[in-house]
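Heads up: the structure comes next, in structure tokens.
The values are calculated or read from the model by the stated rules, or taken from the named source; none is laboratory data. Keep in mind that this is a model prediction, so the values were computed, not measured. Neighbour counts run over all protein chains shown; Cβ positions are idealised from the backbone, glycine included. Only protein heavy atoms, including side chains, enter the accessible area calculation; ligands, DNA and RNA are left aside. Shrake-Rupley method; radii C 1.70, N 1.55, O 1.52, S 1.80 Å.
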Amino acid sequence: MKPDSINIDTLQAAADSAAVNHYHTPIYEKGFGNDLYQDSVVENMANSSILTVPSGQHSDNYIKSPLHDTGTMLLFLLSIFLITISYRKGYKYISDFKKNLFSLKKRQNIFEEHNTFNEIQIQTALIANTCILEGILIECAVSLYFPSVVMSTNIFAYIICMVGLMAAFYLSQLFIFFILGYVFTNKSNTSLLIKGFNASQAILGLFLIPVVVLLLVYPHLADFFISAFIIIYIVCRILFIIKGARIFFNNYYSFFLFILYLCSVEIIPIKLIYNGIIYLFSIF
């Protein structure tokens with residue numbers, strides 16, 4: 001036999017075996033027809049439970065917080081650090097808060113009229129802390145109550161602008177007090193007025209530290225902490241206004257000076273600051 005020859009008998013036997021043993025008659029020779037819905041398998045499938053799409057709860061809106069902004073946190077920690085390193089030699093300034101805020105007694109020692117370097121250092125740190133904390137709180141307040149004016153997600157840029165605005169507000173008030181003191185009273189009373197103003201601003205910043213810390217940790221309670229900020233600010237301003245009234249009120253003519261003071265320092269600047277805040281938020 002040749003190597004490539006095929007055994008015809010073998011092939012025929014395999015074909016006969018396949019034809020007899022491996023032929024399967026189809027169940028639906030004429031198609032499915034109407035009998036499909038009477039099939040037990042299909043009926044069982046129709047009665048089986050329908051797969052439902054998994055559903056969950058709607059996620060809460062993400063609350064932006066300065067806590068998640070590196071620049072803001074570094075700025076906040078810097079203010080605390082400056083107060084800490086200044087306290088060791090300037091603690092006397094903090095102990096004199098009550099006297100600076102309430103007392104009208106003129107110092108007898110001429111050298112006590114001038115602050116020491118240590119007192120100036122801690123006073124600067126405390127005022128800077130106040131401006132920084134006010135900037136953080138104002139940014140949170142605008143984002144909460146006026147979200148339509150917030151055009152960017154760069155929290156740090158907004159806070160830097162607010163801190164700069166608060167610093168400018170502080171310096172402008174300081175300048176106005178110097179002018180009022182120079183025009184309407186003497187040098188000693190002007191010094192008492194300036195000391196009282198700086199003390200009120202420093203105390204404001206110290207009271208705002210726990211408010212800001214809690215606001216950063218619990219941003220969903222921002223409404224409450226911003227209200228606390230407003231109350232603390234008003235109380236500190238009232239304490240300072242009382243001292244200013246005691247300085248200027250020495251005759252009936254002083255009433256006119258007091259009204260002038262309220263308009264120039266307490267009412268008009270607040271309106272200008274509000275407009276400045278909205279403008280700075282809208283330009284980004």
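Of the residues making up the stretch 128-156, those that are among the small types (Gly, Ala, Ser), assigned to a helix (DSSP H, G or I) and modelled with pLDDT under 90 number 2. Yes or no: Phe184 within 28 Å of Leu77 (Cβ to Cβ), at pLDDT below 95, in contact with a Phe, Trp or Tyr (Cβ under 8 Å, 6 or more places away or on another chain) and surrounded by 13 or more Cβ atoms within 10 Å (Cβ to Cβ)? Judged against the criteria, Phe184 is not a match. Go through (1) of a type in the set (Gly, Ala, Ser); (2) farther than 24 Å from Ala157 by Cα; (3) modelled with pLDDT under 85 for Ala199 and report which single condition fails. Of (1) of a type in the set (Gly, Ala, Ser); (2) farther than 24 Å from Ala157 by Cα; (3) modelled with pLDDT under 85, only one is false for Ala199: (3). Filtered by the rule that a residue be within 17 Å of the chain's Cα centre (by Cα) and at pLDDT below 85, the stretch 266-281 gives Ile278, Leu280, Phe281. Within the stretch 77-103, the set of residues being over 26 Å from Leu216 (Cβ atoms) and exposed (fewer than 12 other Cβ atoms within 10 Å of the Cβ) comprises Arg88, Lys92, Ser95, Lys98.
Only one entry of Ala168, Ala157, Ala128 meets the criterion of being open to solvent by 30 Å² or more (accessible area, probe 1.4 Å), of a type in the set (A, V, I, L, M, F, W, C) and out of contact with any helix residue (DSSP H, G or I) (no Cβ under 8 Å at 6 or more places or on another chain), and that entry is Ala168. Are any of the residues in the stretch 66-74 at pLDDT 85 or above, over 20 Å from Ala222 (Cα atoms), surrounded by 10 or more Cβ atoms within 10 Å (Cβ to Cβ) and aliphatic (A, V, I, L, M)? Within the stretch 66-74, one or more residues are at pLDDT 85 or above, over 20 Å from Ala222 (Cα atoms), surrounded by 10 or more Cβ atoms within 10 Å (Cβ to Cβ) and aliphatic (A, V, I, L, M). Of everything in the stretch 202-225 that is open to solvent by 10 Å² or more (accessible area, probe 1.4 Å) and over 22 Å from Val142 (Cα atoms), the residue that is farthest from the chain's Cα centre (by Cα) is Ile203.
Right, Ala228: without any contact (Cβ under 8 Å) to a residue 40 or more places away in the chain, open to solvent by less than 40 Å² (accessible area, probe 1.4 Å) and over 24 Å from Gln123 (Cβ atoms) or not? Criteria met by Ala228.
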